[in-house]
Amino acid sequence: MSSQSLYQVPSDIANNALVNNDQYKKMYQESIVNPEGFWREHGKRVDWIKPYSKIKQTSFDDHNLSIEWFYDGTLNASANCLDRHLEDNGDKVAIIWEGDDAAEQRKITYKELHADVCKFANALRSQGVARGDVVTIYMPMVPEAAVAMLACARIGAVHSVVFGGFSPDSIASRVIDGKSKVVITADEGIRGGRKIPLKDSVDQALSNPDVQCVEKVIVLNRTGGDINWVEGRDIWWESIMDVASEHCAYEEMNAEDPLFLLYTSGSTGNPKGVLHTTGGYMVYASMTHEYVFDYKDGEIYWCTADVGWITGHSYMVYGPLANGATILIHEGVPNYPSPARLGEMIDRHNVNILYTAPTLIRALMAEGKEQFDGFDGKSLRIMGSVGEPINPEAWRWYHEVIGREHCPIVDTWWQTETGGILISPLPGATDTKPGSATRPFFGVQPALVDNMGNIIEGAAEGNLVILDSWPGQMRTVYGDHDRFALTYFKTFRGMYFTGDGARRDEDGYYWITGRVDDVINVSGHRLGTAEVESALVAHELVAEAAVVGYPHDIKGQGIYAYVTLSRGIEATEELRLELRQWVRKEIGALATPDLIQFAGGLPKTRSGKIMRRFLRKIAANEITNLGDSSTLADPAVIDTLIETRLNKA
Ligand code: ATP
Ligand code: MG
């Protein structure tokens, strides 16, 4: 790494940060040498009803799996997000909400949010929901989505949020998996100027004869649009809220009682139903939120993720609300009605901390910097990225255009399974390198192993594993503990296997190279997808790229690149040649793409991640059995790619 690409911690940030570099090193060391002592202290950051005396009972041995934290303590997650703030901060704004149409604005204080959650918790009880029941939430991005989650937590029900863009089949399979008795939805959602027929999708899902468990559907009136109504089953949100009391005692939950169930994005296959519990999760989500974003009391924090993803759980709802933050919730998409929307919202609400995903950054990049001519951005202090490796070119663009070159970027690596951020810079402590998630959070022990499971030391590349538990870790795959053991603990005995590959540089910084399954083997050399993709994206005419391997007679695997060009750029043979030369120059001859297919769009999950498993099949000309496509955002993209594929041999 050349020193040019090192971005030093700005001194004003370092001087005022929660931790500087020396403090990070000291705390990290402590957390590894004496995890019991470290977490005994930091577990106190949440309010316990009965304090814990036990800290940690964990084993990654797949025959003797155990993951328990603070396990004799009791608490309530909703009380930690609400009640604890009432005395000093009741009138502080908890949620600023902006509609898809910016003319719609709402502000909700902690006191008001507490009252709404209590009422809805009582309303849920009135509909027969009890402690331990699974409640499915299929909502638009409105404050009521957070109210529904917190109300479940208050009465000890387990929420299972399903992203509001999923199909009836996906809802049905998740409802069945959780044996959910109650579904909470809205008549319609609004995103990017379009109405989304949520209730209609729920109706279709429940008409599936395999769905027998659902007794009640609670419907929020969001648009007043026409919907079908099933007497006896369907109930208006408003009708049960109106009669509910504002007083609702919270349930005393054990630290290891389930808090929620949530499915992974489905990038690599059939989504896994991840179960998180209460105590460790709350400690970890709130602590990472505070340290990774260097959150300061009074700051306005905006996470653009949908509540249907883990990011929306840990860093829109539980983490920031436990810390008493003011969160901005946006109903729509940050590049509608124009790419300028993101900047307008930052300025309008004086956002201090922004947390978003590479897919959005690349989309904005392709539109050109001019879109941000009117953007001021003075309020912005810290910016985060999550979901995929961020290409260095996109990182620099984010830093320059949105961050006005003064905001540290935290590239946060983590998973639905990990509950919270595991590898990330801390704004006041970590000099950053574009494309690197840098160093582990407190208590996290990443390691690289070869394919035999031997730990590799020093600067190296390998399979990314975690050696010991952290409090936010998932506890099981819901209803399938064997799958949990098999997926995460059997590949490398005694270690948690992430499924991702990584490189560690001479400074000990981690660089995620992509999914291990996506590694390309060219003439015996292993290449991560991220590196080749980043080289392509670094070309000024390229907006986005996805790279996969395909069978090649001589090399074993050839490199097949799918490339989306920036707006208005024409795909020509010359450009194809130029891009091949470009990658050769940037990385080396070995990485030169054999085939480049220009693509108007790439297949993505609904959370915006590139789905290489389809691209691999198309590149290999295996187009008959593409596999589970339920989490695919736009199926039409696949058809176009198949038609214009280059390897028809
Ligand atoms: P599935 O597990 O169903 O295939 P998924 O892995 O995409 O889906 P998530 O839990 O939403 O589901 O995503 C976690 C994955 O996202 C990580 O394993 C990693 O591959 C990728 N990821 C997340 N953040 C980063 C990051 N900052 N840098 C690189 N990769 C990241
Ligand atoms: Mg995954």
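Return a whole-number percent for the relative contact order of segment 73-154, with Cα pairs under 8 Å and 6 or more residues apart as the contact set. Walk me through the numbers on the way to the answer.
Numbers: 76 pairs, mean separation 28.3, N = 82.
Once divided by the residue count of segment 73-154, the mean separation gives 35 percent.
Averaged per residue, what accessible area in Å² does segment 11-503 show with a 1.4 Å probe, protein chains only? Walk me through the numbers on the way to the answer.
Values: 16810 Å² over 493 residues.
For segment 11-503, the per-residue accessible area is 34 Å².
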*Between segment 1-56 and segment 614-649, what's the alpha-carbon centroid distance in Å?*
44
*Rounded to the nearest 5, what % of the DSSP beta bridges within segment 217-282 are antiparallel ones?*
60
*Residues in segment 101-135 near a label at Glu87, defined as backbone nitrogen under 19 Å from the 7 Å Cα→Cβ point?*
110-112, 114-115
_Segment Thr624-Asp376, extension gain: residue separation times 0.36 nm, minus the distance between their alpha carbons_ = 84.3 nm
_Loop-located GluC sites (Glu not before Pro) in segment 560-649, at most 16 other Cβ atoms within 10 Å (DSSP)_ = Glu570, Glu622
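For Leu75, what charge total do you get from the other residues with a beta carbon under 13 Å from its beta carbon, if Lys and Arg give +1 and Asp and Glu give -1? Before the final figure, lay out each step's value.
Details: positive: Lys44, Arg45, Lys50, Arg84, Arg154; negative: Asp47, Asp72, Asp83, Glu251, Glu252, Glu256, Asp257.
That sum, taken over residues with Cβ under 13 Å, equals -2.
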*Cβ under 12 Å from Pro603's Cβ, Pro603 left aside: what net charge do those residues give with Lys, Arg +1 and Asp, Glu -1?*
+4
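What does the C-alpha gyration tensor say about the overall shape of segment 523-644? Classify as rounded when a/c is under 1.5, otherwise prolate if a/b is larger than b/c, or oblate.
Judged from the Cα gyration tensor, segment 523-644 comes out oblate (a/c at least 1.5, b/c at or above a/b).
Report, to two decimal places, the Cα Rg of segment 377-536 normalised by 2.2 N^0.38 Å (N = number of residues). Walk me through the numbers before you get to the answer.
Values: Rg = 16.4 Å, N = 160, 2.2 N^0.38 = 15.1 Å.
That works out to 1.09 for segment 377-536.
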*Do any GluC sites (Glu not before Pro) in segment 217-302 lie in a loop, going by DSSP, with at most 16 other beta-carbon atoms within 10 Å of their beta carbon, and if so which?*
Glu231, Glu246, Glu252
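By its C-alpha gyration tensor, with a ≥ b ≥ c as the square roots of the eigenvalues, how is segment 268-383 shaped: rounded for a/c under 1.5, else prolate for a/b larger than b/c, else oblate?
On the way: a/c = 2.54, a/b = 1.40, b/c = 1.82.
Oblate, because a/c is 1.5 or more while a/b does not exceed b/c.
From largest to smallest, what semi-axes in whole angstrom does segment 1-132 give when each is the square root of 5 times an eigenvalue of its alpha carbon gyration tensor? Don't jump to the answer; show the numbers that get you there.
Working: eigenvalues 239, 169, 54 Å².
So the equivalent ellipsoid measures 35, 29, 16 Å along its semi-axes.
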*Within the chain, which cysteines find no other Cys whose Cβ is under 4.7 angstrom from their own?*
Cys81, Cys152, Cys213, Cys303, Cys407
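Would you mind calculating the relative contact order of the chain from Cα pairs under 8 angstrom and at least 6 residues apart, reporting the percent as a whole number? Working shown, then result.
Details: 1432 pairs, mean separation 85.8, N = 649.
RCO, the chain: 13 percent.
Quote to one decimal, in nm, the extra length available between Lys26 and Asn521 on full extension: 0.36 nm per residue of separation minus the C-alpha distance between them.
174.2 nm
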_Expected output is a single nm value to one decimal: the length gained when fully extending between Asp450 and Glu570, i.e. 0.36 nm times separation in residues minus the C-alpha distance. What is it?_
38.9 nm
*Please compute the net charge surrounding Arg381, taking Lys and Arg as +1 and Asp and Glu as -1 over other residues with Cβ under 12 Å from its Cβ.*
0
*Only Lys, Arg, Asp and Glu count, each charged at its Cβ (+1, +1, -1, -1), so figure out the dipole size of segment 1-68 about its Cα centre, rounded to 20 debye.*
220
*Which entries in the list Lys107/Lys378; Lys119/Lys296; Lys199/Lys617; Lys92/Lys296 go over 25 Å, if you measure between the two C-alpha atoms of each?*
Lys119/Lys296; Lys199/Lys617
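For segment 304-364, what does the alpha-carbon gyration tensor say about shape, rounded, prolate or oblate, given a ≥ b ≥ c as the root eigenvalues, a/c under 1.5 as rounded, and a/b over b/c as prolate?
Oblate shape, in that a/c is at least 1.5 and b/c is the bigger or equal ratio.
With Kirkwood's inverse mean 1/r over C-alpha pairs for Rh, give me the Rg to Rh ratio of segment 11-503, two decimals please.
Details: Rg = 21.7 Å, Rh = 23.0 Å.
A ratio of 0.95.
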_Only bridges whose two residues both fall in segment 523-644 count here: according to DSSP, what percent of them are antiparallel, nearest 5?_
75
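How large is the charge dipole for segment 523-644, taken about the Cα centre, if only the Cβ atoms of Lys, Arg (+1) and Asp, Glu (-1) carry charge, to the nearest 20 debye?
Details: 14 positive and 16 negative charges, 91 e Å.
Around 440 debye, computed over segment 523-644.
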_Heavy-atom accessible surface of segment 238-353: percent carbon and sulfur, 1.4 Å_ = 46
*Counting DSSP beta bridges in the chain, what percent are antiparallel, to the nearest 5?*
60
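The values are calculated or read from the model by the stated rules, or taken from the named source; none is laboratory data. Since the model is a prediction, treat every value here as computed from it, not as a measurement. Don't worry about glycine lacking a Cβ; one is built from the backbone with ideal geometry, like all the others, and counts go over all protein chains shown. Note: areas computed on protein heavy atoms with side chains; ligands, DNA, RNA excluded. Shrake-Rupley method; radii C 1.70, N 1.55, O 1.52, S 1.80 Å.
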